[in-house]
Each structure stands twice: as C-alpha cells, then as structure tokens.
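Novice: Following this message is one structure expressed as structure tokens.
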Amino acid sequence: MTNAKPKAEGKSDDDEAPDGGWGWVLVGALFVSTSLVFGLMRSLGIFFVEFVQYFEESAQAISWISSTGLAAQQFFSPLGTALCNAYDTRVVVMTGGCLAGLGFILASQATSLVHLYLTMGVISGLGWGLVFTPMVATVMAHFTRRRTLVLGVGFSSIGLSSFAFNPLFQLLVETYAWRGALLILGALSLNIVACGALIRPRRRSKAPAKVDSERRSSCAATLRRVSSYLELSLLVDRPYVVYTLAVTLLNVGYFVPYFHLVAHSRQAGFSEYQAAFVMSAAGATDILGRIVSGWFSDLGHFRLIHLLTVWTTLAGLFIMLLPVSSLSGSYAALMAISLLYGFCSGALTSLVFAVVPMIVGVERMMGALGLLQLIESSGGLLGTPLSGLLKDVTGNYTASFVVAGGFVVLGTLTMTTLPHYFSCKELPPPQRRSLGNKDKGLDPELEQMHRSPTDTSCRGVNEVCSNLKECEGDNWVTITCWKNAKDME
Amino acid sequence: MAASWKRLLFHILLLLVSCRHINTKTPGPTPPPLVPISSLPTDERSVSLKGESHTENVELLNPVNLALQCTWTGNQNKLPNITGFWRKDGDEVENSRVTVQLEGDEYELKRVFSIVSEESLGSYSCVFGSEAKIEFVLAAPQIGEVRDKPIVSYVGDSVVIACKMEETKPKPGSWNWYKANGTDKEQIFVVAEPLRYEIKNEERKTKLVVHNLTEADGGLYYCGAVYAISTTMGHVELKVISFQEPLKPFIAIVIEVIVLVAAILLYEKSQSKKNYTEGNGATDQMNTMTQGENNGPEGSSSTRQRKI
C-alpha cells in the first residue's frame, strides 16, 4: 500500500508517466489557466473605462459584462464536469480554452454593448466554466498528500496575475485601443488550450456505463446517464448538501469586503490612496494565506474540516471587526484587520475545494465540484445586492459588514453539523456505491486515493502485487497486476 | 511781366500751402484705433507686492477696460522717487514710464488697458525701477483636463474626441473644432462633410465624432471654447492605425499556442510509444496481466487491477 502511494501522487494515469512529477506539471497548468480565467476577469476594469467612453453607456451597464462572465462560468460548471465525466477531460478543457479565446476575439469586433454581453459574458463565461472546475478536479485527483498545497499554489495565481495584468492591459489599451487589446487577450486566452493539452487522457469509469446503456436507447436510460454525469445523486447525499449549504452561506458574506472595503474606507475618512493601498495589502496577504494554509493543512496535524472551520470563523470575525476598526479612526487598526482578513480569506479558499473529496469520494469529485460552484454562486448573487441595500438603508457600511460576517459564521456553524465532525481522526471518504457493473472497472489510481492512513480494517497489512491479494474494507480481494496500459485493452 | 510773376508767386504760395498741408499729413506713429472708451465695461485688479515679484492670473470673458494697480512696499532704501513703467509681453508700453513718488511708505502704479481682443490678452507687468515686478497674466478660461495620451483608433472605425470645461470655470458661448494642417488649424465644419463629422455640443462638453477613419485623419485636433474675448484651445492627438497592427502579436501568440500544443501531444505520443516498446520487452518479477482474463472493466466482478 505504501509503495504505490507516492506513485499515485505523481503519476497521471494508465499511461506510463515520467517518474513522478507529472502532477506538478498539471499544477503549473492549473496556475496558468486559473490566472487566465480569474486573473483576467479581475483586470477587465481597465477596459470598462474605454467602453464607457466609446459606447456612451453608464458604468453600471458596463459592469454587467463581468458579472455575466462570472455568472456564466459558475452556471456552466456542472456542464463542464458532466462533459468530463462523459468524455475526455482534455477535450473539454481545450474546447473551453477555444471558447474563451473566441469570446474575446469576437468582442473585439463589437459594435454595441449587447455584443459585449454575449461575447465577453456568455461565450467566454461558458469557456471558463468548461476550464476551471475540470482543471481543479483533475489536479486534485493527482494528489492526495499535497492536495491542499497545490490548490493553494494554483489559486495564488489569481492574485499574482492580477498584479501583472493590470499594467499589461493598460499598455495594450494605450497601444492598440480596446479592440486590438481584446484581440490580443483572446490570443492569450488560447493558452488555456495548451494547458488542457497537458491533461493526459483518463479512462473514466463512467465510460463503460455509456457503452452499456447504448443498447437500450430509451429516454429513461439517457436521463439516468445524464444525471449520473451531473452527479445529481449528490443532491440527496446529506453530507454533501450540508457542506454545499455551508459554502453558499460563506459566499454570501465572502465577497462583501472586496466590493465595499474601498468605499467604506473612503467614507470613514481615509484618502483614496490609503483606501486603495488597504485593498492591495489585503490582496497580498490573500496570496500568502492560500499558500501557507495549503502547506500547513497538508502537514496532517489537523483534519481539513477543522482547519476550514477555524479559517472561516476567523474570516467572519474579521469581517465583522472591519467597520469597528475603521470607525475608530485609526488607519493602523484598519490595515491590521484587513491584512488578517486577507490572510484568512485566502486560507479558506484553498481548503474549500480540498474538503470535497473527503465528503463525496474521489470519483464523484468532478461532478461534486461542478454542482458546488453552481449552487454557491447563488450566495454571491445574493450577498452583494443585500450589502448594497443595507448600506442604502442605514447610510453606512457597518450593517453590511456585520451581516456579511454573520453569514460567514453561520456557514461555519452549518459545517459543524457534518457527520463525524467531532471525531479527531480523518475518516475514509465514501467509496462509490456499486450500480450494476459500472463500478467494477475502477481506475486503479482512484483505488489508491481512497486509501487513507486511518483505514481501520486490514490495518497493518501491507500487500503488494506479488501476493495477488488486496484489502478492501474487511475483505481480501483477488487482484491481477498489470504493467502497461496496452495490457488493459 | 508783372502778371506772370504774380502767377508764379501764387503758384509758389499754393505749393507752399499744400506742402505744409502735406507735411502735417505725413504719417508719424499713429496711435492704434481705440474702441470708444465709454462703451466698454470697466474692471479693476490690484495687487500689493511685498517681495520682489509676483504673478497674478486674471480670467477674462468679455472685452473690458481693465485697470491694473500695483502697490509696492519698497525695499530697504526707500528712495523718494523711483521710475516705474509697464510692459506687455516683454515689450515696454509706450509712454508708460513715470516717476513714482513714495507715498505713505508705498509706491503705486496704475494704468487702464483696453482689453478687446485676443491680441490684447497676454502678460502685463508693472516694473518698479529694476527691483520689483508684478505680472498680470490675462487670459480667457483655459481648458483644464487635457488628455495627454493619444486616442488610438482603427481605419474604418469611428472615434469620439471629447473636450470638457471644468465646472469651476465659466461656460463658453460655443465650441469649435479645428484640425491641425501643418502649422495652422483648419476649422471643421460639419455641413461641409456631414457624413464624416458630427459635433455634439453641451454647455461644458463637446464631442467630435469622426466616422470612417482613414490614416490621413490622424494628427492633432483642437477644440476651441469660444468666449467673447477670445477662443481658448485644448488639443487631443488622434492616432489611426490599421488592423494589421494588433494582428501581428495576435498571430504570434496563436502560433506559439499551436506550437506548444503540438509539442505536448508529440511528446506524449513519443513517451507512450517508448513505454509500449519497453513494456513489451520487459520481463519482471512483476506479474503481467493476461489479456484473456480481463477484457475490460465489465469482465470480472471480483478481480481488481492494480497498476505497478
């Protein structure tokens, strides 16, 4: 068992991969593709100034472009993961990259605002949805011990790239005007295709199900197939539902500081530069928090869910403390709380995804992440207008921040109702329940990942292939060893 | 004989009279034609100087008779008399040199200027001896926010060039647009080319829309805020580039992506080929799977495959 584990971490798949390390290549791909999705999305503000002047529309109408893009990305996430379950992840991600690039290329020819909504919003958003969650799921499938760390490293790209993209986009707009700059951005987005090419084809265990059901091409069979790709069965899985609810509540409050901190600081009497600097400093600690929390979680001293609880509670507390510190008038206090908030919010981001395979198991992780993205987006959609409304009603941001922090803490409390929350040992994630013949051909990789150090049955038994027996649950199962992918055919 | 002499004398006399008449009519330095002083409103600006020099900005909208008054507290040696004169744009104003008396510990210079047109605007200075100088800069309201970076647009596209007068400054009567042609400016008239140009004027803002751009449309554009006294200019540079420009980096990046993807796929293919040949020839202590036993995942229900 321990022999094969390090291999499982570094190896990709059925094919022979270079000795260890292909997983790290995928982390690099995740880094680049995430920066081209979210880092790009965050830096689009530079174009908005140009759009306001060219199309003579209000800033609010223009800001709907990025809202549409983000909403499309989250909405199409389950579609992306379902397609990965049905077909090859590589093809899906490469298609997503092409769509994202196409969206921007078409946007460069836009003659009205609606064109921008459709191209930069819907088409690119669809592309991003097909890229982000599958890439995250793929990377997570390649790591067990260092999962949170690689997620942290991958997500830190968002903050780092938005630092790099802002001046770059400014330069592009000044040299080529917004049309040329969008065209070049489209080409840049095509690099996601190269990232997707790095994903080695996997034999999905769901593919045989497809072969199976094709014999009877009835409606019910198709529906059942589609629902299995979408992992809709998760919606009745209690731990998953609880977790999704918790993350949704978290999302309600999570984005509020990003939208309102600058305005709140200005209102509290600080200058424009001071307020902007607070935001940048929080962004920097955010990046740091992602990596540090990833590294720390993987040390294994604590359960991931406990660490997540700690970070979310702290983040919620700091959000609630933000208005208090700024109203006291001290810039140092505001800066300190913002730095701490940035750190905690980055720390929890790495963990939110990493906990999912613990709850649903690795095979269902792809679909689980897609559904999670879709459902948690409702939290974000609710949170920002709510905080705006509170501000309009009360006149300042204190109520917005306190309510936002409250929602985050509420999410934490929901998380504590997860089954086996209070046990100190990490429990083995659920195996996939067998549904006919489908699961017999489990990817051996995935088998490996189900193993956790605290498997209580057959403990202490260390079987290798030569004995032709393996421990699963409490039973000994005959195994056949093979060396080459070709042997499987 | 006497008659011809008389006639000659008469002619000479006539000549002398006409010559005198001509003499008195020789054009000497003529004073510039003045608008009748009574028709202009009057305004006054006065500055009191304590040091050596001072500059005062005066914003004028309409023609006015402007009285400029300079008061100087003097320096250490308070001379009882000092020479003072006025300058306009560096040149000394005619007949402005006077002797100033020290009155109540101060020297004072005052003069009224007729400011009627753009030529009358400029820098007026009162100079006390060679020590003190107060400068009045007379100008119409200037356009504050000037976009220093050029506006970039494409051939065949349309572009909006805007100029704005700040809220704190008085609003102009109207706006004009000019295009730089060599060293002069040519005014743009919409009626001449209604398909290409559009001017949208609001009180403080003006927009020039140029449709169907060509490379020749690039260059400096001036927006003029028209006031009664003069027109102040702001300039914006327009650069027109063809679509080939951004296409170059675009194609470069697309080629880079294609090369990368091809390299990755080829590498993977070569790797798997290598492993295939390796695997076929290898004889390990590891068990190799038998094809027959396992034809795909559906085959066995109690056997699992383990990759080594």
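The values are calculated or read from the model by the stated rules, or taken from the named source; none is laboratory data. These numbers come from a predicted model, not from an experiment. Here Cβ is always computed from backbone atoms with ideal geometry, including for glycine, and neighbour counts include all displayed protein chains. Ligands, DNA and RNA are stripped out before the accessible areas are found, and what is left, the full protein with its side chains, is counted by its heavy atoms. Shrake-Rupley method; radii C 1.70, N 1.55, O 1.52, S 1.80 Å.
Novice: For residue B:158, put the label point 7 Å out on the Cα→Cβ axis and report which residues of segment B:198-215 keep their amide N under 18 Å from it.
Specialist: Those under the cut-off are B:198-202, B:206-215.
Novice: In square nanometres, what is one fourth of the surface area of the convex hull spanned by the alpha carbons of segment B:93-150? Walk me through the numbers on the way to the answer.
Specialist: Working: hull surface 28.0 nm².
Dividing the Cα hull surface by four gives the mean projection, 7.0 nm².
Novice: Starting from the Cα of residue A:61, step 7 Å along the direction of its Cβ; do the same at residue B:243; then give the gap between the two resulting points in nm.
Specialist: 2.5
Novice: Ordered by residue, what ³J(HN,Hα) values in Hz, to whole numbers, does segment A:270-278 give under the Karplus form 6.51 cos²θ - 1.76 cosθ + 1.60, where θ = phi - 60° and Gly and Pro are x?
Specialist: Coupling constants for segment A:270-278: 8, 6, 4, 5, 4, 5, 5, 5, 4 Hz.
Novice: Let me ask something else about it. Extension gain residue A:112-residue A:219, at 0.36 nm per residue separation less the Cα-Cα distance, in nm? Show your work: numbers first, answer last.
Specialist: Numbers: separation 107, 0.36 × 107 = 38.52 nm, distance 4.19 nm.
This chain segment gains 34.3 nm when fully extended.
Novice: Another question, if that's okay. Could you point to the residue in A:310, A:263, A:287 farthest towards the positive end of segment A:212-346's charge dipole, with +1 and -1 charges on the Cβ of Lys/Arg and Asp/Glu respectively?
Specialist: Ranked along the dipole, the leading option is A:310.
Novice: If I model a spin label as a point 7 Å beyond the Cα along the Cα-Cβ vector, how far apart are those points for residue B:77 and residue A:394 in nm?
Specialist: About 7.4 nm, to one decimal.
Novice: Continuing with this model, one more query. Tell me the Rg and the Dmax, in Å, that the Cα atoms of segment B:96-234 produce.
Specialist: When restricted to Cα atoms, segment B:96-234 yields Rg and Dmax of 21.2, 71 Å.
Novice: Once amide H atoms are built 1.01 Å from N in the peptide plane, which residues 5 or more positions from residue B:213, or in another chain, come under 5 Å H to H?
Specialist: For residue B:213, whose amide H was placed from the backbone, the distant partners under 5 Å are B:156, B:157.
Novice: Still on this structure: With the other protein chains left in place, how much accessible area per residue, in square angstrom, belongs to segment B:217-279 at a 1.4 angstrom probe?
Specialist: On a per-residue basis, 51 Å².
Novice: Now a separate question. Heavy-atom accessible area per residue, segment B:94-184, 1.4 Å probe: how many Å²? Please report the intermediate quantities before stating the final value.
Specialist: Values: 4680 Å² over 91 residues.
Accessible surface, normalised per residue, equals 51 Å².
Novice: Using only alpha-carbon positions, what ratio does the radius of gyration of segment A:48-129 give when scaled by 2.2 N^0.38 Å?
Specialist: Numbers: Rg = 13.9 Å, N = 82, 2.2 N^0.38 = 11.7 Å.
Taking N as the residue count of segment A:48-129, the ratio is 1.19.
Novice: In whole Hz and in residue order, list the ³J(HN,Hα) couplings for segment B:258-275 that follow from phi through the Karplus curve 6.51 cos²θ - 1.76 cosθ + 1.60, θ = phi - 60°; x for Gly and Pro.
Specialist: Going residue by residue, I get 4, 4, 4, 4, 4, 4, 5, 5, 5, 4, 5, 5, 5, 4, 6, 5, 4, 5 Hz, with x marking Gly and Pro.
Novice: Using alpha-carbon positions, what is the distance between the centroids of segment A:397-418 and segment B:148-175, in Å?
Specialist: Spelled out, the Cα-based centre of one part sits 48 Å from the other.
Novice: If you don't mind, there's one more thing I want to ask. Based on the Cβ-Cβ distance of residue B:42 and residue B:209, what FRET efficiency does E = 1/(1 + (r/R0)^6) give at R0 = 51 Å, to the nearest 0.05? Walk me through the intermediate numbers first.
Specialist: On the way: r = 43 Å, r/R0 = 0.83.
Efficiency computed from Cβ-Cβ geometry: 0.75.
Novice: Ballpark to the nearest 100 Å², how much total accessible area do A and B bury together, probe 1.4 Å? Can you show the working numbers first?
Specialist: On the way: alone 21580 and 21640 Å², together 38010 Å².
Buried: approximately 5200 Å² between B and A.
Novice: Residue farthest toward the positive end of the dipole of segment B:33-144, with Cβ of Lys/Arg at +1 and Asp/Glu at -1: which of B:81, B:142, B:129?
Specialist: Among B:81, B:142, B:129, the one farthest towards the positive end of the dipole of segment B:33-144 is B:81.
Novice: Follow-up. Amide H to amide H under 5 Å from residue B:140: which residues, 5+ apart in sequence or cross-chain, H placed 1.01 Å off N in plane?
Specialist: Answer set, sorted by chain and number: B:60.
Novice: Over all residues in B:264-277, what is the mean tally of Cβ atoms on other chains that come within 10 Å of each residue's Cβ? Please list the in-between numbers first.
Specialist: Values: counts 8, 3, 0, 3, 7, 0, 0, 5, 8, 0, 1, 7, 5, 0.
Mean number of neighbouring Cβ atoms from other chains: 3.
Novice: On average, how much accessible surface per residue is there in segment A:86-171, in Å², for a 1.4 Å probe, leaving out ligands, DNA and RNA?
Specialist: On the way: 2640 Å² over 86 residues.
For segment A:86-171, the per-residue accessible area is 31 Å².
Novice: What nm distance separates the two modelled labels at residue B:130 and residue A:336, each placed 7 Å from Cα along Cα→Cβ?
Specialist: Here the answer is 6.5 nm between the modelled labels.
Novice: Restrict the search to segment B:183-276; then list the GluC sites (Glu not before Pro) that DSSP places in a loop and that have at most 15 other Cβ atoms within 10 Å of their Cβ. Could you put the intermediate results ahead of the total?
Specialist: Numbers: sites: B:186, B:198, B:202, B:203, B:215, B:237, B:256, B:268; in loops: B:202, B:203.
Filter output for segment B:183-276: B:202, B:203.
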